[in-house]
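First comes the structure, then the notes that go with it.
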Amino acid sequence: MEILATALPELGHAWALILQPVVLGYLVLGVVMGLCVGVFPGLGGIAGLSLLLPFMFGMEPVYGLALMIGMVAVVPTSDTFASVLMGIPGSSASQATVLDGFPMAKNGQAARALSAAFASSLFGGLVGATFLTVFILVARPIVLAFGLPEMLMITILGLSMVAVLAGRIALKGMAAAGLGLMIGTIGEADAGGSLRMATYDIPYLTDGLKLVIVGLGIFAVPEIVSLLRQDRSIAKGASLGAGWFDGIRDWFANIWLSVRCSVIGVAVGVIPGLGGSVVDWIAYGHSVQTTKDKSNFGKGEVRGIIGPESSNNAKEGGGLVPTLLFGIPGSGSMAIFIGAVALLGSGDIEVGPGMLKDNLDITYSIVWLLALANVVGTILCIAASGGIAKLTTIRFTYLAPFLFMLISFAAFQSGQNFEDLLALFSIGLIGIFLRRFDWSRPAFLIGFVLSNPVEKFTNQAFQIASFRFRKSFEEGMDYIFSPIVIVLIIITVVSVVLGIRQAKTIMAEGDVQSGSKRAPLVFLLVIMAYLITALVNANMIPDYNMTDKVIPLVIGGFSLACCAILLVQMMRRPEGDVIFADKEVAGEDADAPYGLWSTLAWFAGLIAATWIVGFILALIGFLITFFRVRAGADWRMTLILTAAGIAFMCLMAGALNRDFPPGLLQSAVDLPWPLK
Amino acid sequence: MTVSVFTRRAVVSMIAAAGLAAPVAAEVDFSGKTIEWVIPFSETGGSAKWANFFAPLLSEELPGQPTVVVKFMPGAGSTKGANWFQEQKHDDGTLLFGTSGSTQFPYLLNDPRVRYEYKEWIPVMASGTGGVAYLNAEDGAKFDGSANNLKDVDFIYGSQGATRLDLVPLLAWQMLGMNVEPVFGIKGRGDGRLMFERGEATIDYQTSSGYLGGSVPLVEAGQAVPMMTWGALDDDGSIVRDPTFPDIPSFKEVCEATEGCETSGDQWDAWKAFFVAGFPVQKLAFLPGDTPQDVVDTYTAAFQAVIERPDFAEISSKRVGKYPVFVGDGSQAALETATSVQDGAKQYVLGWLKDAYGVELN
């Protein structure tokens, strides 16, 4: 009560701060800038915030906050465009949205999917803010109750979603997740700095692979290539079925799902160190488990969009708790946000433990500015969705080159290395084959995303637990099996049991026909070869760096065991068994007028040309050749489209101060931007 | 952006331009550029605060007022980022790199992961800091200015690695006869503090800025008890109380009061040598080795202008503590101090790392 008595006047003060015309003006400005940045996959809030940072020094605090929050808040909303319309996961917040959003777009229901997503986002944001207003007052002890064993269990709960998404052959799903985990360990280990499947001679690998590249490679590249081969529009028959109003009705019909997923979003977002990587998978898993008829998931089930989208905006609100109360940012953009807050005004606002005591009104302003930004951003997005959805009716051959352009640029932004493009291509190849042979791509991505948390939390929790056990057995047991951990274990077990039972009905890749033994068998052997190499490599790490080798050894061994069982099954079962699923046997891919390799060669060509003449010159050549040769466009059309593409690229990159991948030409000759 | 900011920035840059010394080349102009200040740590630690504090000030003083963005490249206790910086060439002067004691130490200890050479980089600014160790409330009650009552307590400490800056606290605690078990693999001192707040770690230390921002509220709430600072160097090179924390005893005082802890001999010399390399000159800002002189001079002049701001003492004491900032020749001398340790001290520490943590660096 006493807390509330002090909080209410501060809440009122916060609203008085927010509801000034100037503040709202800054908020809308931030939102519009955020939307422009957010539709660009892979850039997100970090690029936008960096742009604003220099203006923050000495700025009136609430103006600066409105501008920054407006920008940060809409990024998880606006990147929904890319995930629904193009199957491109723009950030970790929209990974799960791709699973059902993109199939809906293919069914001609893009506008419906988008507006359902936006309505859920808006609602999630508001639920999050309401929850936070009360929760932030009592959050500290609750957040501190989440120690390493608890965080490890939440990560494992996230991993257990693999069970739901494993597909028809559970072993394949587990092996795919294991492979994702192993790919995630590539590079220098956090604990001891040992190298895993990397060498200092290839510095790029020591950094490990970035989520943006893996997300684009696993989801976007296979879809783009497949659609391009079929030479049609994204929406079958180039017609739009349902409109944006249907999406809002869908959301309203599932409002309780939306409420539950919003709460999941806030609750997981609150825990520092986990961030957005698990939230949308847990929400997706929850959506699947609470739906009676599961047969549509992966093929365009609107509940599969409402769940993750409700949670990811709520998560942004939850993420404010560790940021504001502990000074520990939940994401890269929150880190810049912390830095920027210190610059505002006279520099008195110090994010950290003092925030609640000294600046409760500012804290509330931040929470509700975030909610308000969600409202503004969503309204703008819904208004735009009907028009933007028409993109899905365009013949895909005219869209594909622009998508190759976008994903290459997005991949390059993650590390500013030419190798980013090579990595995108290589992961894209893995994605294409995972898709072709019906190995669960979501499972692979979950494994990759959770690789680092699993390793970190396991090692550290193990160390602390062993100290506690040395003191006394009870103390060790108390530490590992806290009430929270026990609850999480129960949830995990239930969700795995339910998940395995349901997995067979959820076919993320659709109904894939089976064919001969040879191709699926070769793919399995290639994966096994990689796993064996990685195991041998991990085993070479000296024993004093045990923390760096134990996880790769255990996970690698487990995945290899899964693969070995699969191998035995493949040898025993007859051709045509479901285990030999192969998209090239029958269906859209098999009937496509263009072959896989000739289509992929266009993308490879763009990358190779970039290596020689740099991105922009390569892009000009690529666009012209593609439109002339593959699309069969006349010269006028070709030149207009090429010019538009290049102009768009330069405009965005110029405004955001970004460079393009340079090539051999650039290292020899000094060229002006954007050619350099 | 308000008009007043524009005006103020214009005025500030005019003053700065007028006050700059002759060697500043007028050709170097960063208008419209973005300067990336890469920090090889996560967003939560002291180095992040340090760079975020200087970045906007630097932005105002550099010709053309470029945007200065702090980028984080954490990993392997900062050797990852430093190895990356070693590969970077001068391009257009828009890359700045910040190191900390955790980058200096592996270099001093000939860590095999180190692929960087400090002597090839050009320092443009250096600043010192201090560090404060603190205990949980329960064990803090037993602390009486000496560690005599703490010797049979088992402490847990969230550590970035024994070969990092954490070497100084770990060695100090061992010299006091305390039993501190490190949990390795955290990514910044902010994460260590969180582990302490959760009760998983029972002892912690923060550099001054981290302590001021995150730990003082814990002390005020009675959840933490300050134990000691590492101290500061006076002009004669002896260790005195840290001027930022005049009320907290230095390690030297605690050591003198504790049975079995000596403030002379090999062990003490080794500790002091690594303390000097890690704290009084803890953080340095570098340009790539092949940077032309005019660009170096531009940065030197800009940093000089930053520390000559009339309000610098005030705003810096709040954010990064009251410690000297070295620019130009001063930063070169500071680099010498930070990267040279007598061979005896080095050998002692290498032997201790092997005995205590099984770490062999070769």
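The values are calculated or read from the model by the stated rules, or taken from the named source; none is laboratory data. Please read all numbers here as calculations on a predicted model, not as lab measurements. Neighbour counts run over all protein chains shown; Cβ positions are idealised from the backbone, glycine included. Protein only, heavy atoms only, side chains kept; ligands, DNA and RNA dropped before computing areas. Shrake-Rupley method; radii C 1.70, N 1.55, O 1.52, S 1.80 Å.
Looking for something closer than 17 Å to A:THR397 by Cα, outside the structural domain of A:MET33 (by TED's automatic domain parsing), crowded, with 18+ Cβ neighbours inside 10 Å and of a type in the set (A, V, I, L, M, F, W, C) - is there at least one such residue anywhere in the stretch A:642-662?
No.
With the condition kept exactly as written, say whether any residue in the stretch A:182-189 is part of a loop (DSSP other than H, G, I, E, B) and either open to solvent by less than 10 Å² (accessible area, probe 1.4 Å) or touching a residue at least 40 places away in the same chain (Cβ under 8 Å) (or both).
Scanning the stretch A:182-189, I find at least one residue that is part of a loop (DSSP other than H, G, I, E, B) and either open to solvent by less than 10 Å² (accessible area, probe 1.4 Å) or touching a residue at least 40 places away in the same chain (Cβ under 8 Å) (or both), so the answer is yes.
Among the residues of the stretch B:80-120, write down those that are at pLDDT below 80 and at the interface with another protein chain (Cβ under 9 Å from one of its Cβ atoms).
Passing the criteria: B:LYS80, B:ASP111, B:ARG113.
Go through (1) open to solvent by less than 20 Å² (accessible area, probe 1.4 Å); (2) without any contact (Cβ under 8 Å) to a residue 40 or more places away in the chain one by one and return the number of the condition A:PRO141 breaks.
(1)
Determine which single condition A:ASP438 fails, assuming it passes every other condition in (1) open to solvent by 20 Å² or more (accessible area, probe 1.4 Å); (2) assigned to a helix (DSSP H, G or I); (3) not polar (S, T, N, Q).
Here A:ASP438 clears every test but (2).
Would you tally the residues in the stretch A:193-206 being open to solvent by 10 Å² or more (accessible area, probe 1.4 Å) and at the interface with chain B (Cβ under 7 Å from one of its Cβ atoms)?
Result for the stretch A:193-206: 3.
Filtering the stretch A:32-64 down to residues that are modelled with pLDDT of 70 or more and more than 14 Å from chain B (Cβ to nearest Cβ), which residue is nearest to A:ILE366 (Cα to Cα)?
Step by step, filter the stretch A:32-64, then rank; the result is A:GLY34.
Here is a list of conditions, (1) part of a strand (DSSP E or B); (2) at the interface with chain A (Cβ under 10 Å from one of its Cβ atoms); (3) not hydrophobic (A, V, I, L, M, F, W, C), and B:TYR157 meets all of them except one; can you say which number that is?
(2)
To keep it simple, each residue is scored yes or no on (1) in a helix (DSSP H, G or I); (2) closer than 30 Å to A:LEU8 by Cα; (3) in contact with a Gly (Cβ under 8 Å, 6 or more places away or on another chain).
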position	(1), (2), (3)
A:ALA82	yes, no, yes
A:PRO103	yes, no, yes
A:ARG112	yes, no, yes
A:THR133	yes, yes, no
A:PRO141	yes, yes, no
A:GLY167	no, no, yes
A:MET174	yes, no, no
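Looking at the stretch A:457-485, which of the residues that are of a type in the set (Ser, Thr, Tyr) and touching a residue at least 12 places away in the same chain (Cβ under 8 Å) is nearest to the other protein chains (Cβ to nearest Cβ)?
Of everything passing the filter in the stretch A:457-485, A:TYR479 is nearest to the other protein chains (Cβ to nearest Cβ).
Mind checking which residues of the stretch B:183-228 are open to solvent by 30 Å² or more (accessible area, probe 1.4 Å), more than 11 Å from chain A (Cβ to nearest Cβ) and touching a Phe, Trp or Tyr at 6+ places or on another chain (Cβ under 9 Å)?
Answer for the stretch B:183-228, where residues must be open to solvent by 30 Å² or more (accessible area, probe 1.4 Å), more than 11 Å from chain A (Cβ to nearest Cβ) and touching a Phe, Trp or Tyr at 6+ places or on another chain (Cβ under 9 Å): B:VAL225, B:PRO226.
Is it the case that the stretch B:173-180 has a residue that's within 20 Å of A:ILE464 (Cβ to Cβ), in contact with a helix residue (DSSP H, G or I) (Cβ under 6 Å, 6 or more places away or on another chain) and not aliphatic (A, V, I, L, M)?
no
Do you know which residues across the stretch A:81-118 are closer than 12 Å to A:ILE306 by Cβ and open to solvent by 10 Å² or more (accessible area, probe 1.4 Å)?
Selection gives A:ARG112 alone.
Tally up the residues in the stretch B:88-118 that are part of a loop (DSSP other than H, G, I, E, B) and either within 16 Å of the chain's Cα centre (by Cα) or farther than 12 Å from B:VAL38 by Cβ (or both), please.
15
Scan the stretch A:389-417 and report the pairs whose first residue is more than 19 Å from A:GLN230 (Cα to Cα) and whose second residue is among the hydroxyl-bearing types (Ser, Thr, Tyr), with Cβ atoms within less than 8 Å and a gap of 6+ or a chain change.
If the second residue must be among the hydroxyl-bearing types (Ser, Thr, Tyr), the pairs left are A:SER408/A:THR610; A:GLY415/A:TYR204; A:ASN417/A:TYR204.
Pull up the stretch B:171-182, narrow it to residues that are assigned to a helix (DSSP H, G or I) and surrounded by fewer than 24 Cβ atoms within 10 Å (Cβ to Cβ), then point me to the one that is farthest from the other protein chains (Cβ to nearest Cβ).
That would be B:MET175.
Which of the helices (runs of 4 or more DSSP H) contained wholly in the stretch A:490-593 include at least 3 residues that are touching a strand residue (DSSP E or B) at 6+ places or on another chain (Cβ under 9 Å)?
A:518-539, A:546-572
Checking A:THR130 against (1) buried (at least 20 other Cβ atoms within 10 Å of the Cβ); (2) more than 14 Å from chain B (Cβ to nearest Cβ); (3) more than 21 Å from A:PRO222 (Cβ to Cβ), which single condition isn't satisfied?
The single condition A:THR130 does not satisfy is (1).
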